[in-house]
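The values are calculated or read from the model by the stated rules, or taken from the named source; none is laboratory data. Small disclaimer: the values here were computed from a predicted structure and weren't measured. All Cβ positions, even for glycine, are placed from backbone atoms using ideal geometry, and neighbour counts span all protein chains on display.
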Amino acid sequence: MGGMAERAMELAIRAYGRRDPSLCKQVFAGERTINATERRLDELVLDLLAMQQPMAVDLRLILAISKCNADLERIGDQAVNIAECVEDLLGSPARDMPVDIPQMASVARTMLRRSLNAFAAADAAEAQAVLLLDDELDAMNDAAFTAVTGAIAKDPSFTRSLLNILIIARNLERIGDHATNIAEDVIFWVRGADVRHHATT
């Protein structure tokens, strides 16, 4: 599931960089597989809870899997949103944009990869490192909003393209949020600590 979510994001960002509609179509097709996999994992989780009645760390692992599953499905949705914006951008002339989408994508990609690695290795320290990157991506998204609104004020003729860029930036920020959620779930599973909303216990 993690691999499919990563691939969806990569395809969407590649579609943006190359202005390639065929890559957008791959994102749309992949979403159906991600959604089907989410349903299968949910069924497995319910079966485990019903038949095994897990306790302590095993229960935390199963709960973490269930929550990560939902976050990964949402990352697939975010990739679709990006691909839809790319398709819309194809109808407009190419121009320099005031937002560094590749840089934002790099941070979001790093967060997702490290959160999945943390899950695979049951590494709470690696998961903690992901949380530190969230503020960086949030700041980039805030800067994107300021840059886009300023650019629209200067040249309203490119409003539609600029709004698409803003939506792409927002979806990358949301991918970072989902990666953060996964990292928090790893910490909960491994340490039994709820660190959501900056909680310390």
Open item on the list: When you check A183 against the structure, is it surrounded by 23 or more Cβ atoms within 10 Å (Cβ to Cβ) and either part of a helix (DSSP H, G or I) or over 19 Å from the mean Cα position of the chain (by Cα) (or both), yes or no?
Closed with: yes
- [ ] Quickly run through the range 106-119 and pick out the residues that are surrounded by fewer than 16 Cβ atoms within 10 Å (Cβ to Cβ) and without any contact (Cβ under 8 Å) to a residue 24 or more places away in the chain.
- [x] S106, N117
- [ ] Answer with yes or no whether V86 is in contact with a Lys or Arg (Cβ under 6 Å, 6 or more places away or on another chain), modelled with pLDDT of 95 or more and either in a helix (DSSP H, G or I) or closer than 13 Å to E173 by Cβ (or both).
- [x] no
Open item on the list: Quick check on F145: is it touching a residue at least 24 places away in the same chain (Cβ under 8 Å), outside any loop (DSSP other than H, G, I, E, B), aromatic (F, W, Y) and under 25 Å from A15 (Cβ atoms)?
Closed with: yes
Open item on the list: Just checking, does the range 146-160 include any residue being crowded, with 20+ Cβ neighbours inside 10 Å and either on the phi > 0 side of the Ramachandran plot or in contact with a Lys or Arg (Cβ under 9 Å, 6 or more places away or on another chain) (or both)?
Closed with: no
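Those residues that are without any contact (Cβ under 8 Å) to a residue 12 or more places away in the chain and not acidic (D, E), I need them from the range 148-164; list them, please. Show your work before the answer.
Of the range 148-164, the ones without any contact (Cβ under 8 Å) to a residue 12 or more places away in the chain are 149, 152-157, 159.
Residues satisfying the conditions are T149, I152, A153, K154, P156, S157, T159.
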Task: Selected residue [among the polar types (S, T, N, Q) and in a helix (DSSP H, G or I)] from S115, S92 - done: S115
Task: Single condition L90 does not satisfy, out of (1) within 22 Å of A8 (Cβ to Cβ); (2) surrounded by 15 or more Cβ atoms within 10 Å (Cβ to Cβ) - done: (2)
TODO: Give the number of residues within the range 129-142 that are aliphatic (A, V, I, L, M) and either outside any helix (DSSP H, G or I) or under 12 Å from L172 (Cβ atoms) (or both).
DONE: 2
Task: Cβ-Cβ under 7 Å pairs, at least 6 apart or on other chains, the range 85-105 side under 16 Å from R18 (Cβ atoms), far side hydroxyl-bearing (S, T, Y) and part of a loop (DSSP other than H, G, I, E, B) - done: none
Task: Filter result for the condition that a residue is assigned to a helix (DSSP H, G or I) and more than 21 Å from A5 (Cβ to Cβ), over A120, A125 - done: A125
- [ ] Answer yes or no: is there a residue in the range 99-107 that is more than 19 Å from A79 (Cβ to Cβ) and of a type in the set (G, A, S).
- [x] no
Task: Among (1) among the hydrophobic types (A, V, I, L, M, F, W, C); (2) touching a residue at least 60 places away in the same chain (Cβ under 8 Å); (3) crowded, with 20+ Cβ neighbours inside 10 Å - the single one L63 does not satisfy - done: (3)
Open item on the list: Residues that are within 20 Å of N181 (Cα to Cα) and either at pLDDT 95 or above or not in a helix (DSSP H, G or I) (or both): does the range 15-36 have at least one?
Closed with: yes
Open item on the list: Taking the conditions exactly as written (closer than 30 Å to S92 by Cα and either of a type outside the set (G, A, S) or loosely packed, with under 13 Cβ neighbours inside 10 Å (or both)), does R32 satisfy them or not?
Closed with: yes
